[in-house]
Every structure is written in structure tokens, then in C-alpha cells.
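**Student:** Input: one structure, supplied below.
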Amino acid sequence: MAKILVTGGAGYIGSHTRYFLEKSGHTTVVLDSLERGDARAVPEGMLRQVDLRDSEKVKQVLREEKVDAVIHFAAYAYVGESTQRPEMYFINNVGGSLSLFEAMLETGVKLVVFSSTCASYGIVDKVPITEDQPFAPINPYGESKVMVEKIMEWLDKFRGLRSVRLRYFNACGGEPGSGLGERHDPETHLIPLVLRAAETGEPVTVFGDDYPTPDGTCIRDYIHVSDLAEAHILAVEYLLKGGKSDAFNLGTGKGHSVKKVLAAAERVTGRKAPYTMGPRREGDPPELVADAGKVWKALGWRAKRAGLEEIVRDAWETRRSSEPNI
Ligand SMILES: NC(=O)c1ccc[n+]([C@@H]2O[C@H](COP(=O)([O-])OP(=O)(O)OC[C@H]3O[C@@H](n4cnc5c(N)ncnc54)[C@H](O)[C@@H]3O)[C@@H](O)[C@H]2O)c1
């Protein structure tokens, strides 16, 4: 069993991963600035409130905590915001990661799992998406993740920093009974927005119903956050056992349209999920679905909670029961 530093562990995916790491017997410590996270998502005594860009403080945490590896979630993650303030994304996502890697190299911690994204592929011609498709991000958020992935390749080659880069598709849901959930501020993810519409009666906007898909709305690959958490544990264990650096998609391999998500939300909640139809949003590809074959072969991971209804049910349950509900 290892001791793992979870950056961004007070955020949505990081807090779930910290929860599953503890359940599987690892010890954890969370590093988070709390700028966009919630301290209540981290158990008492496990949080080091530090900004990643403060490399001296990060080094101090690494020296004091004597961790074996890092799982690095901390970043800004709003595509829209990244188009309004690109510099914020490069400073935090790239600068923060560089500061972390420098601190890791200086303190002799050489294993890292990184949160990357399907946004690094941009608009694709071929679905499902395999990892060998070229990087072609269409927004500064995606570009910031590509930059970090490239930095990691160089640090592997010349400094021995071994890494697994995990490119998530649409993270969603929550782990029932964990006290954790999803509520970004502002919320931009479809499932919580649809559930909020069912809760409040305020319609959610659907961006376009004239795409070349069976019902005209965009298709996405929705991946349960608990499945994501388990993939991170397998990835860090793979590195601890000497696995070499690599990048993997994390998705279910199955896509669902916006209209299907709305219908699933109505079945799960027993309420109407009202929506208004808006125009297409710039840069939204019609369909994004992962080919998750590579991670199955390398890490033995595949999504276990892949049914849309199950995902929406867990999102609904954790939304209504979780305290921090971040
Ligand atoms: N949610 C998704 O669907 C999705 C998809 C692909 C990739 N990702 C990536 O996964 C990671 C986690 O996403 P999330 O949805 O949990 O986001 P989140 O905003 O809920 O969590 C991010 C956490 O990082 C912290 N943080 C940000 N900058 C920091 C800094 N400089 N120093 C210390 N802490 C800092 C925030 O306070 C927050 O707690 C991000 O890197 C994101 O880009 C998310």
C-alpha cells in the first residue's frame, strides 16, 4: 500500500478518487487551494491548503508527507471561461503543473497520474476516438492539458518522471453513501443541469437539434465518477509496479444523446425535465465517444457503471443526499 498525494482532492473527481483510494487501503493526503473545491469533501486532518503555483510550499508538503506518488487533478476546468480568460488557464493549469513537477523532481517523487481530457482531440472525424488521434484542441482549456501532457513526455524522457495521462470523456454521477457529489459553480455539465431543471422546473438549454445524429442532439460518452476513481487507482498501482509512461482514454465506449439524457432524468426523478432549444454552440462536435480498448488491455479497467440510467440515478441520489455536494 502506498501514500498518495491528491492535488485538487477537494474538487469533484479528486474527492471521489481520494475516497476510493482510502477504501482500497492506500493512505492519502490532499493538496488543494480550495479556490474551487470544498474542505468538507476532505476528512479532518487530511487537507493541506496550498496553491500549486507556490512551489516552495509544495516542496514542503512533499518533504513532510513522504508520498510515493501523486495523482494530479488540480486545475481550472471550464471550457467557456478558458475562451474568455486564456491566460488564467495557462498560468494555473500549465504553470501549476510545472511547479508541481519541479517540486516532485527536487524531492525525489517520480510517479504521477494526470487528469487530461478528450478536449485535447478537438473536433474528430473518426468515432470512437483512439489515443493515437492527433492533438487538435479548439479551446485554451484543451490546449493547456495538451501542453502539460507534452511537458510530461519530456520529463519522462530526460528526468525519469513516469506518468499516466488519463483522458476523460464526460465525468458524471456520484458515489452513493460517500457524502460526495457534483456541483460545480458555475455548473456547465449536462447531467447536473438536467437534474436541476427537474428539481426546480427552470428549463435547461439544449444547444442544437440539427446535428447529424439520430435525434439531432449531440452525443457524448458519460463516464461515472466512481469508475474514473477506480481507473486512477489502477493507474497509480501500475506506476508503482514499474509500468512505463502512457496515455489512456477513459470512457464507456457508448454514446448518449442530450435527448436520451433528458428522458433518463425524467424516468429516474419521476418529474418533468423542462428544456428550451437553443442554437448550436461553437466548437461542439456532434459526437464524442471513447475507444476504451487500450486501457482495458494495459490496466484491466473498464467502466462497470456504464448504463445511462444508473449514472443518472447515482447523480440524482448523491445530489439529494450529499452534504458537501461539490
Ligand atoms: N469534470 C469533467 O468532466 C472532466 C473531464 C475531463 C478532465 N477533467 C479534469 O479533471 C480534473 C478535476 O476536475 P473536476 O471536475 O473535479 O474539477 P473541480 O473544479 O471540481 O476540482 C478541481 C480542484 O482543483 C483545485 N485547484 C485548482 N487550481 C489549483 C491550484 N493552483 N492549487 C491547488 N488547488 C487547485 C480546486 O480548488 C478544486 O478543488 C481537472 O484537472 C479537469 O480538468 C474533468
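No lab work stands behind these numbers, since they all come straight from the coordinates. Remember, it's a predicted structure, so these values are computed and weren't measured experimentally. Please note: Cβ atoms are built from the backbone with ideal geometry, for glycine as well, and neighbour counts cover all protein chains shown.
**Student:** Please sort by residue number the trypsin sites (Lys or Arg not before Pro) in the stretch 91-182 whose DSSP state is loop and whose Cβ has at most 14 other Cβ atoms within 10 Å.
**Tutor:** Lys126
**Student:** Follow-up question, since we're still on this one. Is the shape of the stretch 36-99 best called rounded, prolate or oblate, per the rule: a/c under 1.5 gives rounded, else a/b larger than b/c gives prolate, else oblate, with a ≥ b ≥ c the square roots of the Cα gyration tensor eigenvalues?
**Tutor:** oblate
**Student:** What shape does the stretch 118-160 have by the C-alpha gyration tensor, where a ≥ b ≥ c are the square roots of the eigenvalues, rounded means a/c under 1.5, and otherwise prolate means a/b greater than b/c and oblate the rest?
**Tutor:** Cα axes put the stretch 118-160 in the oblate bin.
**Student:** With a/c under 1.5 counting as rounded, go ahead and sort the stretch 14-64 into rounded, prolate or oblate using the C-alpha gyration tensor (a ≥ b ≥ c being the square roots of the eigenvalues; past the cut-off, prolate if a/b is larger than b/c, else oblate).
**Tutor:** Oblate.
**Student:** Over all directions, what mean area does the Cα convex hull of the chain project, stated in square nanometres?
**Tutor:** Averaging across all directions leaves 15.1 nm² for the Cα convex hull.
**Student:** Any idea how far apart Glu64 and Glu282 come out in nm if each label point goes 7 Å out from Cα toward Cβ?
**Tutor:** Result for the modelled spin labels: 4.5 nm.
**Student:** Let me ask another. In Å and on Cα atoms, what radius of gyration and Dmax does the stretch 52-210 show?
**Tutor:** Computed over the Cα atoms of the stretch 52-210, radius of gyration and Dmax are 17.9, 55 Å.
**Student:** State, in angstrom, two size descriptors of the stretch 208-326 derived from its alpha carbons: Rg to one decimal place and Dmax to the nearest whole number.
**Tutor:** 16.9, 51
**Student:** How big, on average over all directions, is the shadow cast by the Cα convex hull of the stretch 231-293, in nm²?
**Tutor:** 6.9
**Student:** Next up: Below 10 angstrom from the Cβ of Val268, what's the summed charge of the other residues (Lys, Arg +1; Asp, Glu -1)?
**Tutor:** Around Val268, the charge tally is -2.
**Student:** With runs of 4+ DSSP H residues as the only contributors, calculate the mean residue ellipticity of the chain at 222 nm using -39,500 (n - 2.57) per run, divided by the residue total and rounded to the nearest 500.
**Tutor:** Theoretical 222 nm ellipticity from helices: -11500 deg cm²/dmol.
**Student:** Please list the radius of gyration and Dmax for the stretch 131-226, considering alpha-carbon atoms only, with Å as the unit.
**Tutor:** Values for the stretch 131-226 (Cα only, Rg and Dmax): 17.8, 55 Å.
**Student:** Ok, one more. Dividing the Cα radius of gyration by the Kirkwood radius, what Rg/Rh value follows for the stretch 21-143?
**Tutor:** For the stretch 21-143, the value is 1.01.
**Student:** Continuing with this model, one more query. In a shell of Cβ-Cβ distance under 15 Å around Gly108, excluding Gly108 itself, what net charge do Lys and Arg (+1) and Asp and Glu (-1) give?
**Tutor:** Overall, the nearby charge balance is +2.
**Student:** If amide hydrogens are placed 1.01 Å from N in the peptide plane, which non-local residues have theirs closer than 5 Å to the one on Leu250?
**Tutor:** Arg167, Tyr168, Phe169
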